[in-house]
Amino acid sequence: MSRTLRILLAAALLVPGAAALAHHSYAMFDMNKTITLQGTIIQFKWQNPHAFLQIDAAVKGQTERWALEMTSPNNLANDGFKRSSFKPGDKVTLRIHPLRDGSKGGSFLAAKLADGSTLGDWK
């Protein structure tokens with residue numbers, strides 16, 4: 001095998017690894033812990049690569065602003081979500097994996113809406 005061909009082959013093998021490193025991990029979330037938040041939707045961003053929810057949650061008698069990362073809009077749509085699933089002012093109960101560092105954020109798991117319907121993996 002020629003030297004040029006070996007270099008091209010090595011470069012081709014490295015490309016998928018670089019793409020995998022470009023995407024963040026979920027290491028910042030405590031995937032062994034699930035918490036429930038009750039609050040009001042402030043904002044729902046239906047955007048790539050991840051949708052986001054911002055809520056004001058009642059925690060120990062105080063209102064706290066939480067930022068929650070979701071999966072992609074495509075994956076959400078496959079699970080029955082719509083761009084209009086959450087609107088500012090909606091009352092919700094959410095299940096999330098919280099951030100490991102204790103910051104007010106987490107990874108979205110599921111929601112129970114005011115009418116009792118659920119979105120996501122509500123157990």
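The values are calculated or read from the model by the stated rules, or taken from the named source; none is laboratory data. Because the structure is predicted, anything quoted here is derived from the model rather than measured. Positions of Cβ are generated from backbone atoms using ideal geometry, with glycine treated the same way; all protein chains shown enter the neighbour counts.
Count of segment 57-73 residues, restricted to those that are part of a loop (DSSP other than H, G, I, E, B) and over 20 Å from M31 (Cα atoms), is 2.
Only a single criterion out of (1) assigned to a strand (DSSP E or B); (2) under 15 Å from the mean Cα position of the chain (by Cα); (3) touching a residue at least 24 places away in the same chain (Cβ under 8 Å) is not satisfied by Q54, namely (3).
Scanning segment 79-99 for residues that are surrounded by fewer than 16 Cβ atoms within 10 Å (Cβ to Cβ) and either at pLDDT 95 or above or of a type in the set (V, I, T) (or both) yields K82, R83, S84, K87, P88, G89, K91. For segment 100-122, the set of residues classified as farther than 18 Å from T40 by Cβ, surrounded by fewer than 18 Cβ atoms within 10 Å (Cβ to Cβ) and not hydroxyl-bearing (S, T, Y) consists of R100, D101, G102, D121, W122, listed by residue number.
A Cβ distance below 6 Å, combined with a sequence gap of six or more or placement on separate chains, defines the contacts here; from segment 106-119, residues that are over 12 Å from D90 (Cα atoms) reach no residue that is assigned to a strand (DSSP E or B) and polar (S, T, N, Q).
On inspection, L76 does not qualify as buried (at least 16 other Cβ atoms within 10 Å of the Cβ), assigned to a strand (DSSP E or B) and out of contact with any helix residue (DSSP H, G or I) (no Cβ under 6 Å at 6 or more places or on another chain). Apart from one condition, T71 fits all of (1) touching a strand residue (DSSP E or B) at 6+ places or on another chain (Cβ under 6 Å); (2) buried (at least 16 other Cβ atoms within 10 Å of the Cβ); the exception is (1).
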